[in-house]
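To start, the structure itself, in structure tokens.
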Amino acid sequence: MGGWFLAHMEGFTVGPKGIEEGTSKTKAANLASFCMLSHQPFSFFTISPLLHTDNHWSNPSILYQLGSASDNWGCRISSNVKSLMEFWVLTTSSLSLDLADSSPIVVALQFEGFSVSFVQCRGFPVWLKYVPGISFRTDNEPFKRAMQGFTEKIVGLMKAENLFESQGGPIILSQIENEYGVQSKLFGAAGYNYMTWAANMAIKTGTGVPWVMCKEDDAPDPVINTCNGFYCDSFAPNKPYKPTIWTEAWSGWFSDFGGTIHQRPVQDLAFAVAKFIQKGGSFINYYMFHGGTNFGRSAGGPFITTSYDYDAPIDEYGLIRQPKYGHLKELHRSIKMCERALISVDPIVTQLGTYQQVHVYSTESGDCAAFLANYDTKSAARVLFNNMHYNLPPWSISILPDCRNVVFNTAKVGVQTSQMEMLPTNGIFSWESYNEDISSLDDSSTFTTAGLLEQINVTRDASDYLWYMTSVDIGSSESFLHGGKLPTLIVQSTGHAVHIFINGQLSGSAFGTRENRRFTYTGKVNLRPGTNRIALLSVAVGLPNVGGHYESWNTGILGPVALHGLDQGKWDLSWQKWTYQVGLKGEAMNLLSPDSVTSVEWMQSSLAAQRPQPLTWHKAYFNAPEGDEPLALDMEGMGKGQIWINGQSVGRYWTAYASGNCNGCSYAGTFRPTKCQLGCGQPTQKWYHVPRSWLKPTNNLLVVFEELGGDPSRISLVKRSLASVCAEVSEFHPTIKNWQIESYGRAEEFHSPKVHLRCSVGQSITSIKFASFGTPLGTCGSYQQGACHASTSYAILEKIGEFENSQALQFEAYGEFQAPVLLLFKWMREHWEKRSVSSGVIYLVFVLSGEKSNPRYVFMLGADPSMTIDATLYFVSSRFHVSIVQCPLAHLPWGKPWASFEDSGCSKLSQSKAKKWQVQPCSPQTRSKLRLEMLAISPEANGFAIPIT
């Protein structure tokens, strides 16, 4: 039996190369801050002995080959799955994920105790459960022999390529077992003995790098126990000299067929990471950082979807998910600025309010970093720290690398939000169909025995499908044949789905769920006099992957199976003779392969569409679409089944509609998968990833096996593309370059907050859907104008489009207005040049924020002295005020500080010089943000308004 080893990139972080002996307690606890302090990208690799079809990653060029060539992400092993033949691993220099820098990548190698929780059977090959006397993940000699042999084999391969850091390679850390703590306690002494044995076995391999065990509180020295979860700020290692490591920071959650899609707001994820770092955390690995696809039948659970997107910063298709990617990037850049203080001392914690704290890292050499936290889930807070005031949104942390200036707040997202769409390609499928003939079976592939058998024991996971067939003889005198009620068939299954056929006709289906894989089918059956054939097609939807002794959990129909409503009463069929057939005829004939040679007579789609049938194979040929956008199949018109392209399995599909609670999502408050759900009433998954590397330029074979009778004419090939981008930014949005403090003094250096809007490569910005300077409402994709709105917002952005590169726009923020300063300065200069005006005076109307004695410009109006200024300015507080100056045009110091205007002969004028000038409150509740609406500046005078620095 063949198999695969899966190498799965779980996360991303950056870190040092190891732990030096004699490291101080403080320094060891911070461990030079694995997650953010060395600018080195980091990847977590999972290696497990998975019986697995081909896996794939969209950029195979980053993979380092140790064996024969393949375009798949995995490593093949020999037919008995006991000797490794080939393996892929990331190189040390060919990949940069740009969270902090493009430095060489470092790797943590995760053996996961020979077990991976997100794939079927936890990554174990099915044959392993049939080793005599074996019991998984406990103090069991057959299991330990297999695990040790596997671990030593992988370590040997890594050593042969000099991949461990002790050999000069990129692997800085290794993990043995995975989340075993709960199961260890359930097993008692046997669990503890196994855990201790696994730790000692790993250490003896002599990798020269530290070993970790996640969620294992009693991991023995020198193994480091680590944390997995949505939050790890309350975690501490079991010894004070061990670093605090977060091996899985869950960026989202997986989906199961019939369930909703789970999204974790990036504000909460950033909050969790900052909270971990502020308490002295050393290492963060995001699980997942790159979403993936469970190609083939690798999805575990059972009932886990083929998509394993996980709401990761890089999605299933390899595309950047914004704002999650960009916001985390800014988070890590901000933490990097705190490096020297973080690795030198422990924090001093001070309470600033009921739900507010500050963690301060201050060194004798003068380095200082602070984390201001507001744990209140509903209310913003204004705190006093170091004689300065800071505004903190609910459930947020502000990072101050110098204990003075805010460069990042976890709740303030300043990067763009990207909205993706699936666009149709030009391909039209011409379908042919073939129906599984269930009226007769190949006797050579069947066997008969008394009673009902467990499914996996029969199939050995060679197929998801197992036929259970028996016959019943019905006498002609039965009451239901003479106008009585039809008999009822009851089938109890241990999982996961069943289709009921009576005399070759589909009578009904029933399905389990991830929560309740066991289920009962109850339905009326139309029997006839004489012999009736009952055929039950039991379908597995992934194998169990978590729980004590899950290798012994049952799948399939174990009964009872009974007929009710006959004249004789209940007829229990459980122990009569049953005939079994593993798999489908189409599988046996290899219909999924382009190399298949069979005598099957395929029916043209026009005929097949007239009478769609269950258990039908469909095939079509298509050419690869032009371009390089990721591709997917839209399967919403189908029911349930499997997909192959050019003989490679895309995976299971199932148009199961999601039920859940999709009543909105707030980032504030503790996240759980039930909190932020999407897709209620929609198919859990309708798009199935098709790697372009699987395709030939022409004549690609698409094969679909449909269990229920869907309509293949509704299948379409789509491409994933960026549809729109949007962003919002405010005047006081913290940025790394912004050394502005909201209520204190003159800034050392001020860089106005910016937001960048970018399309994907090959795309350009074609239109502006929404623009509002004022108090806009809603979120990306559903923005609305608020009570305050600048009517010129669209016009200004459209003007920008005439000058800027159409692929990317950059806006600077004043209030919540977005305008490129340099462009409008150019406009202002050109205005006077066209009028040949080089002397005289102009009025500059400045709107200022901060203290009057030390103001900062927000924007200004420029006008000829003869111009009538007719404008209405709205402010949220009295902190904003107006100053009007008269300046000699020839000496106007463009873009210079306030003092330069005064030094250039500019003189302040009273507001009476402006014939119409009003200052009105707009929204007193939203202090700290400028809400401005420019109405009219006498159109015949060609006036203009510009923000200034």
Legend entry - Distance (nanometres) between label positions extended 7 Å along Cα→Cβ at residue 186 and residue 531: 4.6 nm
Legend entry - Rough spin-label spacing in nm, given labels placed 7 Å along Cα→Cβ, for residue 695 and residue 663: 4.3 nm
Legend entry - Gap separating the Cα centres of segment 634-684 and segment 367-446, nearest whole Å: 17 Å
Inset, instruction - On the full set of protein chains, 1.4 Å probe, figure out the accessible area of residue 694 and give it in Å² to the nearest 10. - result: 10 Å²
Legend entry - Virtual spin-label span in nm between residue 599 and residue 239, 7 Å along Cα→Cβ: 7.2 nm
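Which entries in 239/412; 204/242; 329/686; 696/769 show an alpha-carbon gap greater than 28 Å? Mind showing how you got there, number by number?
On the way: 239/412 36 Å; 204/242 20 Å; 329/686 31 Å; 696/769 38 Å.
The pairs that break the limit, which is 28 Å between Cα atoms, are 239/412; 329/686; 696/769.
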Legend entry - Sequence-distant residues sharing a close amide H with residue 723 (under 5 Å, placed H): 419, 420, 421
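Taking 45 Å as R0, compute the FRET efficiency from the Cβ-Cβ separation of residue 522 and residue 626 and round it to 0.05. Don't skip to the answer; put the middle values down first.
On the way: r = 51 Å, r/R0 = 1.14.
Between residue 522 and residue 626 the formula returns 0.30.
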Inset, instruction - Quick one: accessible surface of residue 528, probe radius 1.4 Å, all protein chains present, in square angstrom to the nearest 10. - result: 120 Å²
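Can you compute the FRET efficiency between residue 678 and residue 760 using 1/(1 + (r/R0)^6), with r the Cβ-Cβ distance and R0 = 22 Å? Round to the nearest 0.05.
Working: r = 23 Å, r/R0 = 1.04.
Efficiency at R0 = 22 Å is approximately 0.45.
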Legend entry - Derived scalar couplings ³J(HN,Hα) [segment 542-553; Karplus, 6.51 cos²θ - 1.76 cosθ + 1.60; whole Hz; x for Gly, Pro]: x, 9, x, 9, 8, x, x, 6, 5, 5, 9, 5
Inset, instruction - Leaving ligands, DNA and RNA out of it, work out the accessible area of residue 599 with a 1.4 Å probe and give it in Å² to the nearest 10. - result: 110 Å²
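Among DSSP beta bridges whose residues both lie in segment 180-307, state the antiparallel percentage, nearest 5.
Values: 2 of 12 bridges.
The answer is about 15 percent antiparallel.
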Inset, instruction - Starting from the amide H of residue 507, placed 1.01 Å from N in the peptide plane, find each other amide H under 5 Å away whose residue is 5 or more places distant or on another chain. - result: 500, 501, 502
Inset, instruction - For residue 523, enumerate residues with amide H under 5 Å from its amide H, sequence gap 5+ or separate chain, H modeled in the peptide plane. - result: 489
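Need the full-extension length gain, residue 365 to residue 346, defined as separation in residues times 0.36 nm minus the C-alpha distance. One decimal, nm. Intermediate values should be presented prior to the final figure.
Numbers: separation 19, 0.36 × 19 = 6.84 nm, distance 1.45 nm.
The residue 365-residue 346 span can extend by a further 5.4 nm.
The values are calculated or read from the model by the stated rules, or taken from the named source; none is laboratory data. Not measured: the values here are computed from a predicted model. Here Cβ is always computed from backbone atoms with ideal geometry, including for glycine, and neighbour counts include all displayed protein chains. Quick note on the areas: whole protein, heavy atoms, side chains included, nothing else; ligands and nucleic acids left out. Shrake-Rupley method; radii C 1.70, N 1.55, O 1.52, S 1.80 Å.
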